[in-house]
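Down below is the structure, laid out as structure tokens.
The values are calculated or read from the model by the stated rules, or taken from the named source; none is laboratory data. What you see is a predicted model, and the numbers here were worked out from it, not measured in a lab. Don't worry about glycine lacking a Cβ; one is built from the backbone with ideal geometry, like all the others, and counts go over all protein chains shown. What goes into the accessible areas is simple: the full protein's heavy atoms, side chains included, and nothing from ligands, DNA or RNA. Shrake-Rupley method; radii C 1.70, N 1.55, O 1.52, S 1.80 Å.
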Amino acid sequence: MKIKQIEVFAIHLPLIKPFIISYATYPHISSIIVKLTTECGQIGWGESVPDEHITGETPASTYALIKNTLAPLMIGKNPMEFEKIHDLMDKTVKRAPAAKAAIDIACFDVVGKKLGVPVYQLIGGRYHEKFPVTHVLSIGAPEQMADEAEEKVNEGYTSFKMKVGVNIADDVNRIKAVRERVGEEIAIRVDVNQGWENSANTLSALRHLEDLGIDWLEQPVDQNDIDGMVEIKSKSSIPQMIDEGIKDMKDMREIIAKRAADKVNIKLMKCGGIYPAMKLANMAEMAGIECQVGSMVESSIGSAAGFHVAFSKKIMKSVELTGPLKFSKDIGDLKESYQIPFIQLNERPGLGVTVDESILAELTQQSNIIE
Ligand SMILES: [Mg+2]
């Protein structure tokens, strides 16, 4: 099997509501879609949703890198040779994990379709039958976040991820308001997205949060401050998750060596796709660090890829891939797999996503064909 053609599309995915986190507000999500065609006519879909705050990649740089460098590099290559494909990409371009993820995901999709099996069968087989779907609460006024949480509990949700990280006093009020409103049975995770900046601020915030039954606190400090995480973890009873601070194997080695986290949030866009994500999961497993698969708010394609990783590994304890629920229009049909409060994958080959090419055309800002 050889790759014959790669088509690349820059698209805007329209959000139902703007997505607000500590470092950015998103009116829509900019995504790069890859359509890979083999000589035998099989089609595989991939996606890149870069986040310049984390990997330094922008939508424009990612589009250019795929179009000018990675896609031409892949023509004539065998998409089944994942190790070789990543080695070739890594030798040609340092880092740029989101761009590489689009190629990686398209290769897994096309190989799964060729063999007639879901992607999870290529990476260990399905271990989990289903995962709870967590609702993400964007940063807002405490009462507003509590209102939204109450609404979602009534819809059947049993867990929330609260986005905070503006200032500590307001953030503590936000978390207290949501906890008071939803009661003690509902799971609450708190994601600071680096907003508390350092360990001193974080430890002062944690003094107010110890009794609120928080499952875990995610990335309170700067992504490069692994030593700050070590200090927080040693002084707090709330489990600590690293997100922005874990991108590649080098980061994971440091986290393991310093015992800097109880959990890590693995995202395909930070590490380069399905294949590198499995390597990170294996490293975490060896060190007894629990994993979550998260996302950059991706369409059905990127979200499905993340789910295949999550469903195939025992060490994966939670998922946060809610992109398809956040868009008013999506290019794929993964939304059908969300049966709130659970997500369950279908058994179709490859990613198991059917792409609607008329919606893709409608959302496309720019496209190119490489062959
Ligand atoms: Mg996070």
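Some points to look at:
- Highest-fluctuation residue, 260, 310, 205 considered, GNM on the chain with Cα pairs under 10 Å: 205
- The chain: most fluctuating residue of 360, 268, 351 per GNM, C-alpha cutoff 10 Å: 360
- Helices in the chain that qualify as membrane-span-like (whole DSSP H runs, Cα extent of at least 24 Å along the helix axis, mean Kyte-Doolittle hydropathy of -0.5 or higher) are 97-115.
- Selection from 198, 249, 153 lying farthest towards where the dipole of region 121-343 points positive, charges on Cβ: 249
- The alpha carbon convex hull volume per residue for region 148-197 rounds to 66 Å³.
- Accessible area (Å², per residue) of the chain, counting only protein heavy atoms and a probe of 1.4 Å: 39 Å²
- Residue 344-residue 154 FRET efficiency (beta carbon distance; Förster radius 30 Å; 0.05 resolution): 0.85
- Measure of compaction for region 218-273 (Cα Rg per 2.2 N^0.38 Å): 1.04
- The accessible area of residue 12, taken with all protein chains in place and a 1.4 Å probe, comes to roughly 60 Å².
- Electrostatic dipole magnitude of region 121-343 [Cβ: Lys, Arg +1; Asp, Glu -1; Cα centre; debye, to 20]: 780 debye
- For region 121-343, with all protein chains in place and a probe radius of 1.4 Å, 46% of the accessible heavy-atom surface sits on carbon or sulfur.
- With eigenvalues of the C-alpha gyration tensor scaled by 5 and rooted, region 290-355, Å: 18, 13, 11
- Cα-based Rg of region 1-112 normalised by 2.2 N^0.38 Å, two decimals: 1.10
- Among 80, 34, 226 - extreme Cα towards positive end, dipole of the chain, charges at beta-carbon: 80
- Radius, Kirkwood style, for region 121-343 when every pair of distinct Cα atoms is counted (Å): 17.7 Å
- Sparsely packed trypsin sites (Lys or Arg not before Pro) within region 1-104, loop by DSSP, other Cβ within 10 Å at most 11: 94
- Ordering of 291-300, 243-252 by packing [mean C-beta count within 10 Å, highest first]: 291-300, 243-252
- Protection proxy ranking for 226-232, 49-55, 138-144, 261-267, using the average of other Cβ atoms within 10 Å per residue and placing the highest first: 261-267, 49-55, 226-232, 138-144.
- Partner lysines whose Cα lies under 25 Å from the Cα of residue 17, excluding those fewer than 8 positions away in the same chain, are identified as 152, 161, 163, 176, 267, 270, 326, 329, 335.
- Highest-fluctuation residue, 352, 213, 44 considered, GNM on the chain with Cα pairs under 10 Å: 213
- Dipole orientation for region 294-360: of the candidates 342, 353, 328, 342 has the Cα lying most toward the positive pole (charges on Cβ; Lys, Arg +1; Asp, Glu -1).
- Taking the DSSP beta bridges with both ends in the chain, the antiparallel portion is around 55 percent.
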